[in-house]
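Worksheet: one structure, shown below.
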Amino acid sequence: MPKNERRRFLQLSGIVALAGCSQQPGAKVDEEKLPSALGKPIRAYGERSQFETAKRAVPDLKRPQIGSTRTPLAETEGIITPSSLHFERHHAGVPDLDPSKHTLLLHGLVERPLVFTVADLKRLPSASHIYFVECAGNSGGEWKAPGGPNVAASFGLASCSEWTGVPLKILLEEAGVKPAGKWLVAEGADACKMSRSLPIEKALEDCLVAYAQNGEAIRPEQGYPLRLVVPGYEGNVNVKWLRQIKIVDQPNQTKDETSKYTDLLADGTARQFTFVMDAKSVITYPSGGQKLAGPGFQEIRGLAWSGRGVIEKVEVSTDGGTTWTKAALQEPRLPKAFTRFRLPWKWDGKETEITARAADSAGYTQPSREELTEARGANSQYHYNGVKMWKIGADGSVKNA
Amino acid sequence: MRSLLVVFVLGVCAFGQKYNVGRAASADEIKATDQFMAPDGTGLPAGKGTAADGRDIYSRRCARCHGAQGQGDEEGPLVGGKGSLKTAKPLKTVGSFWPYATTIYDYVHRAMPFDNPGLLDANQTYSVVALILHMNGIIGERDEMNAQTLPKVKMPNRDGFVKDNRPDTGKKKK
């Protein structure tokens with residue numbers, strides 16, 4: 001037995017020993033009547049069971065075309081977010097684009113301005129990678145006070161998918177970027193033609209012009225038929241409904257890289273082009289709004305991710321941050337992707353606080369709320385990645401701490 | 001000889017291209033699609049307008065959301081907030097926060113009015129931009145905004161931005 005597994009086995013057997021010989025009474029359910037009649041016939045496109053209810057948190061907005069929905073991360077397992085539950089953030093609604101007419105124009109400081117159809121892009125060499133996409137504003141409500149009542153409310157502007165597309169580097173090499181081309185500006189085909197500037201180094205490193213998500217075409221609300229995927233960078237630069245990329249010598253200073261997505265500091269200056277999403281984690285079970293059935297075995301579960309690389313370590317505290325235990329990390333651990341962590345735990349039925357903190361391959365450890373606000377003040381709005389505490393009551397209820 | 005010529009022509013077409021997928025973009029289609037504008041004025045169209053010119057279109061197409069004087073209504077304000085950025089309640093407006101005047105043109109042009117983006121022509125856009133700048137006390141009511149003058153407008157918070165200097169947290173104390 002490998003060392004890690006052995007340690008985990010010992011932890012688990014310790015828990016079994018702690019639980020003692022007396023079997024706790026399990027919940028009783030109504031007797032299941034197995035159907036004798038035939039079930040439903042085969043069908044062309046699947047749906048989930050009628051008994052499953054996980055859904056995105058949808059706010060009541062006067063203008064629902066500009067706003068966001070949040071992934072119910074506490075109701076997902078593993079590291080892949082179902083496409084149907086991937087968070088949304090739109091600035092002018094979701095366009096309905098016909099892929100047979102949609103094109104990507106690549107121009108500006110290039111030797112050969114090119115137009116690609118969606119079919120052209122699918123012909124080119126493809127790559128698939130699992131990456132998270134996180135809105136820079138995720139957890140923004142936590143800056144002023146750690147008030148988020150549940151995982152979706154405070155962390156739901158993050159999701160993780162397998163993206164398939166053409167490496168942007170291939171397109172840039174086809175067009176031939178001129179030496180003066182230091183930035184690109186990418187534009188979507190939504191009504192507001194949302195646009196963002198990106199350094200050319202990142203474009204050449206690992207960006208994708210993606211056309212597929214989790215094995216099928218990208219969903220309309222995720223950018224169908226084409227979106228830019230910029231691994232580890234704030235969600236807003238992953239331009240959806242991508243229609244043109246212009247190579248330029250300077251950032252265009254668009255609305256969403258000046259008035260928005262800049263991080264106000266305590267001294268009144270604002271950081272600009274803070275692209276990378278720093279390491280972050282959240283316990284998804286037990287988490288706000290859930291209720292523990294009773295004392296005894298619990299598997300603490302959560303997600304960690306970092307825009308700077310791989311998650312190397314997640315530590316969990318079940319005593320309000322006094323002592324910490326390393327959680328098991330589900331392999332494979334992928335760069336710039338969700339990593340699932342788990343820790344077996346026996347709840348003694350007493351009130352306590354639980355929290356997690358992640359460390360990444362860049363040598364960065366997720367800060368406490370205090371460390372973060374000490375460095376930046378509480379006005380930054382974006383890029384909050386402080387640890388999140390959940391409070392477990394004696395009745396098993398879990399609330400924001 | 002003929003086959004050699006064909007090879008030569010293909011070779012020229014393929015110069016620098018490995019896959020030869022996609023087609024060359026024409027100058028016309030680039031012009032029709034490229035509406036980017038940079039802070040140095042690159043991409044700003046011909047046209048002009050003053051704050052005075054902008055009042056009519058503003059009251060008809062902008063005031064409902066942004067307020068008659070830019071004070072905000074259904075949406076956030078366009079004016080105010082000067083001196084607030086260090087306080088517990090920072091108010092980020094065009095006047096107090098936006099670093100470049102060209103961004104206002106770019107955004108109004110591409111995204112406003114919210115329910116009908118792209119509605120305003122160049123003169124109307126320059127006029128509305130001039131009015132927003134005037135409401136913030138940055139230019140005079142009769143100052144003309146055009147492709148030459150707009151990039152020269154110095155926004156009050158032009159020097160308020162700094163580079164990303166993270167990591168500023170996350171070094172483990174032990």
Tally of Lys pairs whose C-alpha atoms are under 17 Å apart, taken over chain B, 8 or more apart or cross-chain: 4
Global form of segment B:63-155, assessed from the alpha-carbon gyration tensor, a/c cut-off 1.5: oblate
Max mean-square fluctuation residue, GNM over chain A, Cα-Cα springs under 10 Å, options A:Arg48, A:Arg340, A:Arg308: A:Arg48
Computed label-point distance, nm, for sites A:Asp249 and B:Lys154 using a 7 Å Cα→Cβ extension: 2.3
Two-site label geometry, A:Trp324 and B:Asp121: point separation in nm, points 7 Å out along Cα→Cβ: 6.4
Cβ charges +1 (Lys, Arg) and -1 (Asp, Glu), total dipole of chain A, debye: 240
Interface burial for B against A (accessible surface, 1.4 Å probe, total of both chains, Å², rounded to 100): 5200
Under the span-like rule (Cα at least 18 Å along the axis, Kyte-Doolittle mean at least 0.0), DSSP H helices of chain A: none
Antiparallel DSSP beta bridges within segment A:83-271, as percent of all bridges there, nearest 5: 90
Nearest-0.05 FRET efficiency for A:Glu374 and B:Ala46, computed from C-beta distance (R0 56 Å): 0.65
Heavy-atom accessible area per residue - segment B:19-58, 1.4 Å, Å²: 50
Positive dipole terminus of chain A, leading residue within A:Phe51, A:Phe132, A:Gly232 (C-beta point charges): A:Phe51
Proximal lysines to A:Lys350, defined as alpha-carbon separation beneath 27 angstrom and excluding residues fewer than eight positions away on the same chain: A:Lys28, A:Lys291, A:Lys326, A:Lys388, A:Lys391, A:Lys399
Residues in segment B:101-119 that, when all protein chains are in place, have 30 Å² or more less accessible area than the chain alone would give (probe 1.4 Å): B:Thr103, B:Tyr107, B:Arg110, B:Phe114, B:Pro117
Antiparallel bridges, percent of DSSP beta bridges restricted to the protein assembly as shown (to nearest 5): 90
Value at 222 nm in deg cm²/dmol, rounded to 500, when DSSP H runs of n ≥ 4 in the protein assembly as shown each add -39,500 (n - 2.57): -5500 deg cm²/dmol
Net length gained if the chain between A:Ala362 and A:Ile42 were fully extended (0.36 nm per residue, minus Cα distance): 110.3 nm
Label-point separation, B:Val162 to A:Glu32 (7 Å along Cα→Cβ), nm: 6.0
Radius of gyration and maximum dimension Dmax of segment A:280-400, Cα, Å: 14.5, 41
Extension gain from A:Gln50 to A:Glu299, taking 0.36 nm per residue of separation minus the Cα-Cα distance: 87.0 nm
Kirkwood-Stokes translational diffusion coefficient of chain B, alpha-carbon pairs, 20 °C, 1.002 mPa s, µm²/s: 112
Segment A:83-271: equivalent-ellipsoid semi-axes (sqrt of 5 x gyration tensor eigenvalues, Cα, Å): 28, 21, 14
Using alpha-carbon coordinates, inclination of helix B:2-13 to the longest axis of chain B, degrees: 20
Cut-off 11 Å between beta-carbons: net charge of the residues surrounding A:Leu168, Lys and Arg +1, Asp and Glu -1: -2
Given charges at beta-carbon only (K, R positive; D, E negative), |dipole| of segment A:280-400 in Debye: 360
Square roots of 5 times each gyration tensor eigenvalue, C-alpha, the protein assembly as shown, largest first, Å: 45, 31, 23
The protein assembly as shown - percent of accessible surface contributed by carbon and sulfur, probe 1.4 Å: 54
Cβ-Cβ FRET estimate between B:Asp28 and A:Ala127, R0 fixed at 51 Å, reported to 0.05: 0.95
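The values are calculated or read from the model by the stated rules, or taken from the named source; none is laboratory data. Note that the coordinates shown come from a computational prediction; the quantities given were computed from them, not determined experimentally. So basically every Cβ, Gly included, is an ideal-geometry build from the backbone, and we count neighbours across all protein chains shown. These area figures cover heavy atoms from the full protein model, side chains too; ligands, DNA and RNA do not enter into them. Shrake-Rupley method; radii C 1.70, N 1.55, O 1.52, S 1.80 Å.
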